[in-house]
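Enquirer: This is the structure, below, for whatever I ask next.
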């Protein structure tokens with residue numbers, strides 16, 4: 001552990017004060033270098049959307065005037081139309097961390113993209129590792145490698161049309177709602193090349209399906225083979241890491257997020273949405289002289305930001321109204337809260353089990369996570385000082401001096417509840433096999449729109465629905481179902497839409513908050 005250099009990571013949902021705490025810790029480091037040997041801190045952005053230039057309102061960047069002179073890196077530097085993914089960020093972040101250490105400053109990695117932070121701290125779990133990222137802006141095909149034995153054999157057995165599709169993969173995932181045939185063709189290709197990986201994803205989740213195909217093209221290997229290789233390597237942290245999780249209870253967090261949404265509108269959100277729409281392309285004019293917006297890719301670059309989809313649709317409406325404006329505002333607030341749920345879910349279901357699993361190695365104390373309860377700090381500012389800032393300062397100083405740290409479960413009852421999660425598999429192959437999707441033949445009324453349900457509790461819930469029982473009974477009797485295809489009729493939503501709109505990056509989780 002002594003050979004690992006320190007990193008402080010601050011994670012949590014949007015709206016809990018992560019950036020504020022990062023700045024306060026950096027300033028504290030500048031004041032007290034004598035007790036730990038460091039001369040300040042550098043904030044390293046780990047928010048995917050804040051990496052892009054401009055659009056400060058929709059991406060919720062800390063205004064320059066509020067940064068108190070603290071250096072912020074990996075923020076506001078990518079072009080809005082660029083795709084910036086985890087491997088590229090880790091490549092940049094490790095370099096920024098090395099520069100900070102070289103300047104005798106502590107790197108403070110802060111952001112809501114806990115997925116990025118997890119892969120920064122625990123290397124060896126990405127299909128394409130940062131050291132392999134040489135030309136981030138090139139297309140996947142530019143870096144394609146010759147297929148190795150396993151993938152080559154699978155390609156040789158695939159049909160001609162699937163091989164041609166593999167040779168010419170689309171740059172952007174098709175919408176399963178607008179182009180189901182293209183979505184299903186990509187899924188059929190993944191199923192032909194790597195069945196275990198295909199079983200992990202719903203055919204409507206075109207982003208994941210295409211990404212797995214891109215990985216195979218980039219690496220020349222099946223994804224399942226890559227996961228087997230990763231499973232053979234023990235988790236070992238890259239840095240001596242103190243992770244601070246800022247958390248607010250759901251009711252208070254929702255209130256804050258709703259207030260933030262209103263402030264975004266007052267600060268020019270609609271103007272930024274108009275500018276983003278202009279960057280994506282101007283409207284097309286059809287033969288009836290009616291203006292219709294160009295197809296928008298909500299899964300690329302800064303266009304993934306929450307607020308763009310919701311208000312782009314409103315601004316593109318040929319007959320906007322106050323009612324539709326209010327609906328867009330509500331959609332923004334709902335999307336913000338759904339995203340916060342996913343942020344908490346990732347920390348509890350992915351990051352915490354990974355930290356726990358890493359403790360079985362010899363670097364057992366190299367990563368520790370503390371939850372700081374920020375629920376009441378908005379209404380009681382003094383509680384921010386006593387329960388967030390001062391506690392974080394104390395933990396940071398003990399961490400940098402390499403003193404003993406307290407048990408994370410002892411900080412508060414909220415910490416004890418939220419940090420106590422069931423043991424989960426972190427082995428990549430085990431995780432792959434634990435989330436299989438299976439076809440429901442009874443509910444697949446239209447073979448071009450297969451109904452797929454996850455094994456386990458979700459399948460059990462599905463099997464108990466009235467629609468499934470009715471369709472299964474008809475199949476058993478040998479009668480052809482006459483229902484409307486899944487997603488079209490009200491009843492079929494119980495079956496076909498259990499998984500939600502999987503190609504929507506802001507789709508809601510069905511799980512309760514914090515589970």
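The values are calculated or read from the model by the stated rules, or taken from the named source; none is laboratory data. These numbers come from a predicted model, not from an experiment. Don't worry about glycine lacking a Cβ; one is built from the backbone with ideal geometry, like all the others, and counts go over all protein chains shown.
Enquirer: Checking residue 108 against (1) crowded, with 16+ Cβ neighbours inside 10 Å; (2) in a helix (DSSP H, G or I); (3) at pLDDT 95 or above; (4) over 18 Å from the mean Cα position of the chain (by Cα), only one condition comes out false. Which one?
Expert: Every condition holds for residue 108 apart from (2).
Enquirer: Go through (1) in contact with a strand residue (DSSP E or B) (Cβ under 8 Å, 6 or more places away or on another chain); (2) at pLDDT 95 or above; (3) under 25 Å from residue 387 (Cβ atoms) for residue 51 and report which single condition fails.
Expert: (3)
Enquirer: OK, next. Of the conditions (1) closer than 17 Å to residue 199 by Cβ; (2) assigned to a helix (DSSP H, G or I), residue 469 fails just one. Which one is it?
Expert: Against the list (1) closer than 17 Å to residue 199 by Cβ; (2) assigned to a helix (DSSP H, G or I), residue 469 comes up short only on (1).
Enquirer: Can you confirm whether region 422-437 contains a residue that is farther than 27 Å from residue 119 by Cβ, in contact with a strand residue (DSSP E or B) (Cβ under 8 Å, 6 or more places away or on another chain), modelled with pLDDT under 95 and part of a strand (DSSP E or B)?
Expert: no
Enquirer: Helices (runs of 4 or more DSSP H) wholly in region 296-376 with at least 2 residues that are free of Cβ contacts under 8 Å to residues at least 12 places away in the same chain and out of contact with any helix residue (DSSP H, G or I) (no Cβ under 9 Å at 6 or more places or on another chain) - which ones?
Expert: Counting at least 2 such residues, we get 322-346.
Enquirer: When you check residue 441 against the structure, is it touching a residue at least 24 places away in the same chain (Cβ under 8 Å), assigned to a loop (DSSP other than H, G, I, E, B), within 29 Å of the chain's Cα centre (by Cα) and not assigned by TED's automatic domain parsing to the domain that holds residue 30, yes or no?
Expert: No, not satisfied.
Enquirer: Could you run through region 377-399 and say how many residues are loosely packed, with under 15 Cβ neighbours inside 10 Å and either not assigned by TED's automatic domain parsing to the domain that holds residue 29 or not in a helix (DSSP H, G or I) (or both)? Talk me through it step by step, then tell me what you get.
Expert: At the first step, the residues of region 377-399 found to be loosely packed, with under 15 Cβ neighbours inside 10 Å are 379-382, 385-386, 390, 394.
Cutting the leftovers down to either not assigned by TED's automatic domain parsing to the domain that holds residue 29 or not in a helix (DSSP H, G or I) (or both) gives us 379-380.
Total satisfying the criteria: 2.
Enquirer: At least 2 residues that are under 18 Å from residue 127 (Cα atoms) in each: list the helices (runs of 4 or more DSSP H) lying fully within region 138-212 that qualify.
Expert: The qualifying helices (runs of 4 or more DSSP H) are 149-157, 180-193, 195-198.
Here is a yes/no grid of residues against (1) in a loop (DSSP other than H, G, I, E, B); (2) within 24 Å of residue 118 (Cα to Cα):
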position	(1), (2)
10	no, yes
38	yes, no
50	no, yes
56	yes, no
80	yes, no
84	yes, yes
87	no, yes
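Enquirer: Of the conditions (1) surrounded by fewer than 20 Cβ atoms within 10 Å (Cβ to Cβ); (2) over 26 Å from residue 429 (Cα atoms); (3) out of contact with any helix residue (DSSP H, G or I) (no Cβ under 6 Å at 6 or more places or on another chain), residue 229 clears all except one; give me its number.
Expert: (2)
Enquirer: Would you point out which residue out of 466, 490 is surrounded by fewer than 16 Cβ atoms within 10 Å (Cβ to Cβ) and at pLDDT below 80?
Expert: 490
Enquirer: Taking region 58-78, which residues are crowded, with 19+ Cβ neighbours inside 10 Å and either in the same structural domain as residue 308 (by TED's automatic domain parsing) or part of a loop (DSSP other than H, G, I, E, B) (or both)?
Expert: 58, 59, 60, 61, 62, 70, 74, 75
Enquirer: Identify the single condition in (1) surrounded by fewer than 17 Cβ atoms within 10 Å (Cβ to Cβ); (2) assigned by TED's automatic domain parsing to the domain that holds residue 115 that residue 348 does not satisfy, given that it satisfies every other one.
Expert: Condition not satisfied by residue 348: (1).
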